[in-house]
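Heads up, the thing below is written out as structure tokens.
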Amino acid sequence: MARAQGSYAQSDSRQDARFKRGRATRLGWIGLWTLGVILGLAYVGTYYWAEGLWFRELGFLAEFLLRSRTQLILGTLTLLSSLSFIFFNLSISKRLQFSQNCILPNAANLSVGLGLQSLLPVLFVLSLVIGTGLFHHAHIALTEIREVRAPIPTPLGLSFP
């Protein structure tokens, strides 16, 4: 009996050590993520502040604020539309999932299919449109690179060697 209790106590102490190690590892990862988020926000904040100071020095603060507001609105709209698309797809997938008792779909489901016969042509057309747009913008970029332009004037009369 004593031997059984001793082995039980040893296994219990091993589980405690594993739990403590797992908890310490988890706290370490949380601390690392928190530090990363703080440093990332500090970097973005100081970059934005320096941009604001530079635009104010050049007298274009109104344009900077307009650009910032536009980027914030477009980013928010993109984020919200992406999240709504994801949650809409999640709700549809939860509603249409097979039940736990269904091992194989029945013959009626197999004959109907998923109703995605038109998906391949739609994806082909969309990829064609995206590819055409990509080639068009690449052509514009190459044309702009090859074109010789007048030198840009130096701001505030500063000259760099």
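Reported count of residues in the range 54-90, each being more than 21 Å from the chain's Cα centre (by Cα) and part of a helix (DSSP H, G or I), is 12. Is the range 46-66 home to any residue that is modelled with pLDDT of 75 or more and more than 30 Å from residue 154 (Cα to Cα)? No: the range 46-66 contains no residue that is modelled with pLDDT of 75 or more and more than 30 Å from residue 154 (Cα to Cα). Please determine, by comparing only the residues of the range 91-106 that are open to solvent by less than 70 Å² (accessible area, probe 1.4 Å) and part of a helix (DSSP H, G or I), which one is modelled with the lowest pLDDT. Selected residue: 93.
Scanning the range 117-158 for residues that are at pLDDT below 85 and open to solvent by 100 Å² or more (accessible area, probe 1.4 Å) yields a count of 8.
The values are calculated or read from the model by the stated rules, or taken from the named source; none is laboratory data. Just so you know, these numbers come straight off a predicted model, no measurement behind them. Ligands, DNA and RNA are excluded from the accessible area calculation, which covers all protein heavy atoms including side chains. Shrake-Rupley method; radii C 1.70, N 1.55, O 1.52, S 1.80 Å.
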